[in-house]
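One structure is given below, encoded as structure tokens.
The values are calculated or read from the model by the stated rules, or taken from the named source; none is laboratory data. In this text the structure is predicted, and so the values were computed from the model without any measurement. FYI the Cβ positions are ideal-geometry reconstructions off the backbone, even for glycines, and counts take in every protein chain you see. These area figures cover heavy atoms from the full protein model, side chains too; ligands, DNA and RNA do not enter into them. Shrake-Rupley method; radii C 1.70, N 1.55, O 1.52, S 1.80 Å.
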Amino acid sequence: MKPLAKNLDLLQLEKQILQYWKKKVIYNQIKSKEKGKDVWRFIDGPPYTTGSIHLGTAWNKILKDYLIRYKRMRGFKVTDTPGYDTHGLPIEVQMEKELGIQNKQEIYEYGVDKFIQNCKEFAQKNLKIMNKQFKRLGCSFWDWDNPYITFKNSYIEGIWWTLKKAWERGLLYQFYRPLNCCPRCATALAKHEQEYKNVIDTSLFLKIKAKDMENTYFIIWTTTPWTLVANTAIMVNPMEKYAKVYIKDLDEYWILSRNAVTVFISGQLDYKYQVGDILYGEELEGQRYIHPLIEEVPYQKELSKQSEKAHSIILSDKYVSAEEGVGLVHTAPGHGPEDFEVGIENNLPIFNPVSIRGIYKDEAGQFEGQFVFDANEHILKILEEKGTLIVTSEIEHEYAHCWRCDSKLVYRATRQWFFKTESLVPKLLEKNEEIYWVPDWAGERWFKSWLTTLKDWCISRQRFWGIPLSVWICDNEDCNDITVIGSGVELKEIAGECPEDLHRPWIDAVMWQCKNCNKGTKRRIKDILDVWLDSGSVMWAAQEVYDGHNHYDSWIPADFIMEGKDQIRGWFNSLLCSAMVSSDRKNYNSCYMHGWVLRNNEKMSKSKGNFFEPEDLINGTLEDLKKNKSYSRIKGIETFRYYSLGATQPGRDLNFNVKEYADTFRTINTIWNVYLYANQKFRLSDFKPSKHAYDINALNKTDLWLLSKLNSTINTITILADEYKLPWITEALHDFIVNDISRWYILLIREKIDVYSEDPSKFQVMALLYKVLFDVLLLLAPINPMISEHIYLYMFKSHLDAFNLEEKDSIHLLDWPDVNRDLIAEDLEKQMEFSKELIEVARSLKNQNHIRLRWPNKKLIIESTEKLPELEFTETIKQLVNVKALEIVDSFTPDNNFVSIESKYGKVFLDLRVDDEILSERIVNDLIRNIQYSRKKNQFNVGEEISLDICVNADFLKQYVEQQKELISDKVSAKDLNIGVPEIKENENIVSERLNICPNPKCCASLKANIIKKLDTGKDVQCPYCSMSLSKNNIKTISFGFERAS
RNA sequence: GGGGGCAUAACUCAGCUAGGUAGAGUAUCAGUCCGAUAAACUGACUGUCAGAAGUUCGACUCUUCUUGCCCCUACCA
């Protein structure tokens, strides 16, 4: 058994272990061990290849790593392929920045092929960096050399398979409808790619002139003046009441909802008015109005020819409420989903004069070429000049922004491809019920609520770096036949060719003569796919790396996935939708949702300056760590691993707090201390694990208690891990190691396993402790794989025969400990709890009466009540309270010799009487303690022999010391011991000290330095233990001096 | 607008599913113990369990409402 280092240096330890794992190729050994075992199918949600991981990503991988290691120890073959998400806007935007490109057109000019190549290289470069970062977290035994990567051809084909399946099942379609588009990125975005932020906009009230009513105006309100260009109707609610109001100040009539009259006209505008006719909305239907921008947008005249309902009042009880605004709603079917819906119902033209870049097209008349948000002000001015504008005000509201570039989004009608997910909602909800969620409310509330409001999933994007839609359409307008391709092989069969790289622009070049009409050419639509479909299809698209084949049809659902709460609308959503759309079944059975990592309850972000990376923890460069001297020692990742596993409940955010983090290090240090302590004792006594076994039948109750606790703990943690209740695992482990082993069991067996101990059960106890520490180390292994490996290598590796196990190079090649239910004795555990409480009470009693714990007392008496259980651990109680006898009596009447304290179980009495034996032990224990302290202070090794002289200036003291001569020699390893020397010699080799003793022969307490100091000042001083008056002259002394024995 | 989460000691958080005298760690103070390191232990201290109402013999726990912080969602015309 090799000696453990006294000081725990995690940084160095971690480096060594990572090196060791590499050198011994432990990962390969794990893979061989796993062969043929049952599979636990874990699927890694792919992080995006942005180039560096933040603390949240680290946390995510660490939690996953715990379960991977745990499941392996439980005998499973674990799918450990990590993944990377590589496509999509984030990288495109990054590339554009690097290349100094401003917009989409410039990408064409730069060359799409080169652009794609750049994106790919960028992703690959980042992937390597991230691989390294993840491995440094101790997540070593994943298949880092073969991650699934979404830009690979086999992966792309997997997505094509999804498209084809959805097409065959009638769940893929194209449609023209308003969608939020990012003007900068020039693409449509799906629901999950929009982020709502507060913005301040100008809202305006307009009066729109009625065509067939004299001097009458319709009042509308809007926050988006730019959509007025495409206005084709005004909606009213047929069931609500509207008023025709005479405005005296202007001498004209306004029509608005009756509710709004007072608030708006007199409240906001302060006009005098008179309410005229009250009519229901339906009575207004068909009333025509003059479009407010009819001169500026001549195309509007065309529209009114196209549809008789254009520029008239239409009805909607669904989307118009008289409670809000003025009860009349400006309607632009090309710029809003509701407007669109009502527009279609009323056969209105869907007018969209805005390009995908947010710029007005020629149909917008004099606004052509203007960016819509810039046009707002222009339009406002025109309306003002025309006298159409009534009033403007600022309004703060939430508005959708691009998830990547933060641009304000533009609602515009566009032709896109969709999955019919809305129609699947009932089925999706049904499947969700079958998923085991941790926490349960992630599924029962959050995901359910998300699914309930699901719309059709827009999967097409007008960009470059992504998976091309495998949709080819015949360019003959009479035919327009559509072919959806499901694989590279199929493409080759049909088109006769298949590019080596399936990305744009190469795929765009593939075309063939249409076999439907034999006239046109089948050309691919230029779109690429929503990047969320990439990861959503991982179950089959990554089969090549997971299972070594590409039979997409036979995909296997994941047993377990785990991601952050943002994936409710992200991956959890895209996974389930992809699976249901393509295969009508669900693709994950259990799902753990964790929160985000916060710093002081705020989201970590670079702009806020509260951002840090895992490396800052590893290297100890985090400001808060450097600032505090005692924290500066905390380095490495193991503390964070332990901390982050238990720091918060499932689904909740992890609020990183330096103090808590440092406390965790204390726990780890205590764990280390336990092993260090055992390691020292084992080595000093030459304990041989394979030679010294314990006999279960010879164990005493304390030992059996420990075994019971051990098995209870294994049982608890096993259940927690199996149910993915991760945060409670460290709590259970901490309780056992710190409370039960470190603070209690070791305290109880200290004497037995000390070097000088001749206790017959010494090695038996050591063997038991060794076994318990081994099992505990196994429980710790998935949490702190590096610390536990280190301890394993130093203390256990060469001695596994003691447990009938073969020697293995790594603790991570061993199995999870079994629970031995026969050893769980609940009554024993309860008894120990009770004894602990009793000991605490009795110790507190001694404390109150100034009796040092190392001073024995004659007797402890417990006055029994009904609540008092039968005492099992009487010896333990006597030992830890340091009393010679323990009595339980039905009733007791104390005299002056007793002090008492109330406890839960009855009154406790302590006998204060002293005799020679008690006094002798009192003095000698104090003496020994002082000699030991001096030895330690002067760097004497444990067991190193000394020559000891003791000089006493009172006969009664000398006698007491003499009585315990042997004990003294034993405890302090004195080869020669002379008691009663006339004086202590002085030279540089001799260590000497003096104890000052209370002169009261019934007290004999050794007095602390501060008492003597007080005496020197001439004050009246009393012995704090017996209250006798002290003076410089009456103090007795015991002096000792020792040197290394020759 | 809709939905959800959180609110417990000076700090960080358990406890709430199944209602029965409020817990842990840290911090502070006092002390103890120790050949386990910057180790360990004990005691003391601090709580209107955010507020209000209800159900109940009894509410931190269940119900409703209010307040504050946070998150998700939505077309706010």
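Any idea what the relative contact order of segment A:474-523 is, in percent, if you count C-alpha pairs under 8 Å spaced at least 6 apart?
41 percent
When the dipole is taken about the Cα centre of segment A:7-95, and only Lys, Arg (+1) and Asp, Glu (-1) are charged at their Cβ, what size is it in debye, to the nearest 20?
Roughly 720 debye for segment A:7-95.
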Task: Solvent accessible area, Å² - residue A:321, 1.4 Å probe, full protein context - done: 40 Å²
TODO: Lys and Arg at +1, Asp and Glu at -1: add these up for the other residues within a Cβ distance under 9 Å of residue A:807 and post the number.
DONE: -1
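Given R₀ = 25 Å, what would the calculated FRET efficiency be for residue A:494 paired with residue A:549, taking r from the Cβ atoms and rounding to 0.05?
On the way: r = 23 Å, r/R0 = 0.94.
Step by step, r from the Cβ atoms, then E = 0.60.
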TODO: Could I have the simple spin-label model distance between residue A:173 and residue A:103, label points 7 Å from Cα toward Cβ, reported in nm to one decimal?
DONE: 3.4 nm
Open item on the list: For segment A:480-517 and segment A:304-350, what is the centre-to-centre distance using only Cα atoms, to the nearest Å?
Closed with: 42 Å
Task: Top positive-direction residue, dipole computed over segment A:916-1044 with Cβ charges, set A:969, A:950, A:934 - done: A:934
Open item on the list: Taking the full set of protein chains and a 1.4 angstrom probe, give the accessible area of residue A:481 in square angstrom, rounded to the nearest 10.
Closed with: 50 Å²
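What order do you get for A:683-691, A:704-712, A:355-363 when each peptide is scored by the mean count of other beta carbon atoms within 10 Å, highest first?
The packing order, highest mean first, is A:704-712, A:355-363, A:683-691.
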Open item on the list: If I take the Cα coordinates of segment A:828-911 and project them onto the principal axes, what are the three extents in Å, biggest first?
Closed with: 33, 27, 18
Task: Square roots of five times the Cα gyration tensor eigenvalues for segment A:316-424, Å - done: 25, 21, 17
Open item on the list: Out of all DSSP beta bridges in chain A, what portion is antiparallel? Express it as a percent rounded to 5.
Closed with: 75 percent
Task: Folded to 0 to 90 degrees: helix A:89-99 orientation relative to chain A principal axis, Cα - done: 80 degrees
- [ ] Find the centroid of the Cα atoms in segment A:976-994 and in segment A:208-251, then give the distance between the two in whole Å.
- [x] 110 Å
- [ ] Round to the nearest 0.05 the FRET efficiency obtained for residue A:16 and residue A:212 when R0 = 56 Å and r is the Cβ-Cβ distance.
- [x] 0.05
- [ ] Please work out how much length the chain gains when fully extended from residue A:715 to residue A:847, using 0.36 nm per residue of separation minus the C-alpha to C-alpha distance, in nm with one decimal.
- [x] 43.7 nm
- [ ] Give the Kirkwood hydrodynamic radius (Å, one decimal) of chain A, defined as one over the mean of 1/r across all pairs of different Cα atoms.
- [x] 35.8 Å
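Using a 1.4 angstrom probe with every protein chain in place, what is the largest-first accessible-area order of A:832, A:604?
A:604, A:832
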Open item on the list: For a 22 Å ceiling on Cα separation, which of these pairs sit above it: A:701/A:762; A:77/A:120; A:64/A:627; A:6/A:762; A:15/A:635?
Closed with: A:77/A:120; A:64/A:627; A:6/A:762
Open item on the list: For a quick size check, give me the Cα extents of segment A:246-353 along its three principal axes, largest first, whole Å.
Closed with: 40, 32, 22
Task: nm² value of the averaged projected area, convex hull over the Cα atoms of segment A:474-523 - done: 3.3 nm²
Open item on the list: If I model a spin label as a point 7 Å beyond the Cα along the Cα-Cβ vector, how far apart are those points for residue A:655 and residue A:362 in nm?
Closed with: 6.1 nm
Open item on the list: Only four residue types carry charge here, +1 at the Cβ of Lys and Arg and -1 at the Cβ of Asp and Glu. Report the dipole size of chain A about the Cα centre in Debye, rounded to the nearest 20.
Closed with: 3060 debye
- [ ] Might you report the magnitude of the Cβ-based charge dipole of segment A:183-238 about its Cα centre, with Lys and Arg at +1 and Asp and Glu at -1, to the nearest 20 debye?
- [x] 60 debye
- [ ] Would you work out which of A:897, A:864, A:909 lies farthest towards the positive end of the dipole of segment A:828-911? Charges go on Cβ: Lys and Arg +1, Asp and Glu -1.
- [x] A:897
Open item on the list: At a threshold of 8 angstrom on Cα-Cα distance, excluding pairs fewer than six apart, so keeping six or more, what relative contact order does chain A reach in percent?
Closed with: 11 percent
- [ ] Compute the distance in nm between two label points, each set 7 Å from the Cα along the Cα-to-Cβ direction, one at residue A:282 and one at residue A:556.
- [x] 6.2 nm
Open item on the list: Once each part is reduced to its C-alpha centroid, what is the distance from segment A:108-132 to segment A:910-974 in angstrom?
Closed with: 76 Å
Task: Cα Rg, Dmax, segment A:916-1044, angstrom units - done: 14.7, 43
Task: Paired Rg and Dmax values of segment A:191-413, which use every Cα atom, in angstrom - done: 17.0, 52
- [ ] Please give the contour-minus-distance gain from residue A:305 to residue A:198: 0.36 nm per residue of separation, less the Cα-Cα distance, rounded to one decimal in nm.
- [x] 34.5 nm
Task: For segment A:724-846, alpha-carbon Rg relative to the globular expectation (2.2 N^0.38 Å, N residues) - done: 1.22
Task: Additional length obtainable on full extension of the chain from residue A:743 to residue A:693, 0.36 nm per residue less Cα span - done: 15.6 nm
Open item on the list: What is the sum of charges, Lys and Arg at +1 and Asp and Glu at -1, for the other residues whose Cβ falls under 12 Å from the Cβ of residue A:127?
Closed with: +2
Open item on the list: Between residue A:258 and residue A:406, how high is the FRET efficiency from 1/(1 + (r/R0)^6) when r is the Cβ-Cβ distance and R₀ = 45 Å? Nearest 0.05.
Closed with: 0.60
Open item on the list: Test of the criteria: in segment A:365-427, which GluC sites (Glu not before Pro) are in a DSSP loop and have at most 15 other Cβ atoms within 10 angstrom of their Cβ?
Closed with: A:368
Open item on the list: Can you show me the helix-derived [θ] at 222 nm for chain A, built from DSSP H runs with n ≥ 4 at -39,500 (n - 2.57) apiece and divided by the number of residues, rounded to the nearest 500.
Closed with: -11000 deg cm²/dmol
